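What follows is a set of notes on a single structure, which appears directly below.
A short reminder: the numbers here are calculations on the coordinates, not readings from a lab. These figures come from a predicted structure and were not determined experimentally. Ideal geometry is used to build each Cβ from the backbone, glycine not excepted, and the neighbour counts take in all protein chains shown.
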Amino acid sequence: MESAGVNYEEETARCELFLKNYMDPNTNDLKYAKILQSIANRETRRLIVELDDVEDFFDQGDHAAPKFISNIESNTKRYLALFASAASAALPKPNKTDLESDIFDVLASHRAQHGGGGEGQAGV
């Protein structure tokens, strides 16, 4: 998928790279990987990405992508979707076993029992 010289598949890959590898300079933790694990464990529901962190990550070094920040600033709505897609792809498996079922689990279970989500069903 490409538009106006921007390859959105590559941009999504950059988002995922950032989410998996950004190291918080204050704590030396993988900041967003840790948040994604909390989401997978249902301890939190939101992922807030700080543009300053993205800029720090892509400003220099092995991951240098000088236009990435300006692309985000000029097309924020699209990049929100790209980061959401990247977060879904980077979401780890829960590392806790005592998770309570929520509505999403019920819907996923129901879809799995009834053929995977309704693709190709007439009248739906």
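A few comments on the model shown:
- Linear extension gain, Gln113 paired with Glu9, 0.36 nm per residue minus alpha-carbon span: 34.2 nm
- Rule-of-thumb Rg ratio for the stretch 37-85 [Cα; 2.2 N^0.38 Å; N residues]: 1.32
- Residue-count net charge about Asn95 - beta-carbon cut-off 14 Å; Lys, Arg +1, Asp, Glu -1: +2
- Cα-based shape type of the stretch 1-90, given that a ≥ b ≥ c are square roots of the gyration tensor eigenvalues and the cut on a/c is 1.5: oblate
- Packing-based order for 80-93, 40-53, using average beta carbon neighbours within 10 Å, highest first: 80-93, 40-53
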